[in-house]
1. Can you tell me which of Ile426, Ile441 is away from ligand 3 (no atom under 16 Å from the Cβ), surrounded by fewer than 19 Cβ atoms within 10 Å (Cβ to Cβ) and either of a type in the set (Val, Ile, Thr) or part of a strand (DSSP E or B) (or both)?
2. Quick check on region 105-119. Is at least one of its residues over 27 Å from Glu488 (Cβ atoms), buried (at least 18 other Cβ atoms within 10 Å of the Cβ) and not hydroxyl-bearing (Ser, Thr, Tyr)?
3. Does any residue of region 268-280 turn out to be in contact with a strand residue (DSSP E or B) (Cβ under 7 Å, 6 or more places away or on another chain) and within 30 Å of Lys210 (Cβ to Cβ)?
4. Inspect region 232-244 for any residue being within 23 Å of the chain's Cα centre (by Cα), buried (at least 16 other Cβ atoms within 10 Å of the Cβ), within 12 Å of ligand 1 (Cβ to nearest atom) and at pLDDT 95 or above and give the result as yes or no.
5. Need at least 2 residues that are more than 13 Å from ligand 2 (Cβ to nearest atom) and closer than 25 Å to Leu200 by Cβ per element, so show me which strands (runs of 3 or more DSSP E) inside region 282-399 make the cut, counting only ones lying wholly within it.
6. Evaluate the following for Leu200: is it part of a helix (DSSP H, G or I) and either of a type in the set (A, V, I, L, M, F, W, C) or within 16 Å of ligand 1 (Cβ to nearest atom) (or both)?
7. Determine if region 468-478 includes at least one residue that is of a type in the set (A, V, I, L, M) and in contact (Cβ under 8 Å) with a residue 60 or more places away in the chain.
8. If a residue has to be crowded, with 18+ Cβ neighbours inside 10 Å and within 15 Å of Met182 (Cβ to Cβ) to count, how many in region 467-485 make the cut?
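The values are calculated or read from the model by the stated rules, or taken from the named source; none is laboratory data. In this text the structure is predicted, and so the values were computed from the model without any measurement. Don't worry about glycine lacking a Cβ; one is built from the backbone with ideal geometry, like all the others, and counts go over all protein chains shown.
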Amino acid sequence: MKLHVKAATVNRIESDVWTLLVTHEGWKQDLHHNLPQLAKDVVSHLEHIGFEAKASEVQLVPTFGKINSRFVCVAGIGDKEKVHVSTVREVVATLVRQTTRNKLNSVVIDFSVLNANTGFEGLSQAAAEGAFLGSYTFDKYKSAAKKSPSAETNVYLVVPPNRLQFAANGVKKGEIFAKATMYARDLVNESPTITTPTFLAEQAKKLSKKDVLTVEILNEAHIRKLGMGAYLSVTRGSDEPAKFMVMTYKGGGKKKIVLAGKAITFDTGGLSLKDAKNMETMKLDMAGGAAVLGVMSMLPILKPKVTVVGLIAACENMPGAKATKPGDIATAFNGTTIEILNTDAEGRLTLADVLSYAVTLKPDMIIDLATLTGACMVALGEEIAGVFSNSEDLTKSITAAAKQAGELVWSLPLEEAYRESVKSDIADLRNIAKTRYGGAITAALFLEEFVGQVPWAHLDIAGPAFEEKGSSLRPKGGTGFGVRLLLELLTTFK
Ligand code: BES
Ligand code: ZN
Ligand code: ZN
């Protein structure tokens, strides 16, 4: 897929598909105005099939040689005066997915019909994200005949001549955001026997870039010396050695931000073994770590003015002979003791050590991403991440960045009344709450015990990290959730 920005001229570019963005109320007039030669036939066809030009509704119609494009694509964008970036992202993803599938290799998207005061940079960024993410496939394990068509698609974004520079900037940003997302998707989709902690550490190492991005990998001996007993309790049952990754990007500016990603490269549940159905997708349990790797991978190119420390405590949760037993007690990096009553609540154990380590770096804020609880999926469904934070300002900036990125989040409470539920009778904390209700909240309260006074936000991404149904923008499998949200947030620092 290649994306080009072109200035609108009177002559339409010859192409397989020419895309007209139309409004819900005025789609027929839009067609008559922009495509007089064909409008009558196209409108009558679209009316016949019940097309309503709802936001993100996309329909291809053949032109039978009446214009210099084989198909016209009519795409609903809602209100033309204030088009939302999410609609554009979705429309372009749907369009590109349909055209690549049908071997239509040159696609024009005409943005010149949009109001000139629309933010062309943001819209072009969204279009680029939609184009790249919509053409994403993970088919390396399909035999040649079954692979999706890989012909080189050229997408041309046509904009008013005086908006060319804005559009070009947006496209550049969108491509960076999409590539970071696709890298995270690839890591999640890969076989869990390949994406071991050692593999992830090698990936991290590859991202290093002189003084701009330094990468340090700590092995188990080092992790033990640091006293990360909670993290180590999770890896005990596995033959794969744990790896702790510390990646530091130095972009200048005043702020230091820690990004921590849960990276259980496979979660069997340990001795509190999951059943077959619930284990099926558990390669997804490193999606938080994959998102952090995705973000770090593009920082040297995006160059935000901020220091970012990426922390990933990778390990496998396996029920080997040396595995932690329910009833065992572990001591975390900050000295807190934890009674482990369920070895399947392992993410909070690795994060306990990562968060308390993060505090020693004296950051301005910590954000963690974790496929932490099934309970968060019960609460918010498969598309929305839960946000828990001790700072209202941070919740606000995350919510704003998420909106821009088209990633759904919802704030949930760190309710003090529930804190008692994670206190143990014989240690400081217990790793499962006394009640089975409100599991996403009690897990977040457990994490909060390790962040001290540092502004911190926890994103429970158990739902949106992995797509089971599949859509144009989010094909089945790893979604790379969180990558664009974080990149959006990091670029707001000056
Ligand atoms: N990795 C899982 C959470 C999860 C479940 C993520 C489904 C994505 C989809 C986590 O380690 C886990 O097993 N959590 C338990 C906690 C419980 C034992 C308190 C859960 O949610 O059931
Ligand atoms: Zn688990
Ligand atoms: Zn897990």
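1. Ile426
2. yes
3. Checking region 268-280: not a single residue is in contact with a strand residue (DSSP E or B) (Cβ under 7 Å, 6 or more places away or on another chain) and within 30 Å of Lys210 (Cβ to Cβ).
4. Taking every residue of region 232-244 in turn, none turns out to be within 23 Å of the chain's Cα centre (by Cα), buried (at least 16 other Cβ atoms within 10 Å of the Cβ), within 12 Å of ligand 1 (Cβ to nearest atom) and at pLDDT 95 or above.
5. Ranges flagged: 307-317, 365-370, 384-389.
6. yes
7. Yes: region 468-478 contains one or more residues that are of a type in the set (A, V, I, L, M) and in contact (Cβ under 8 Å) with a residue 60 or more places away in the chain.
8. Number satisfying all stated conditions: 13.
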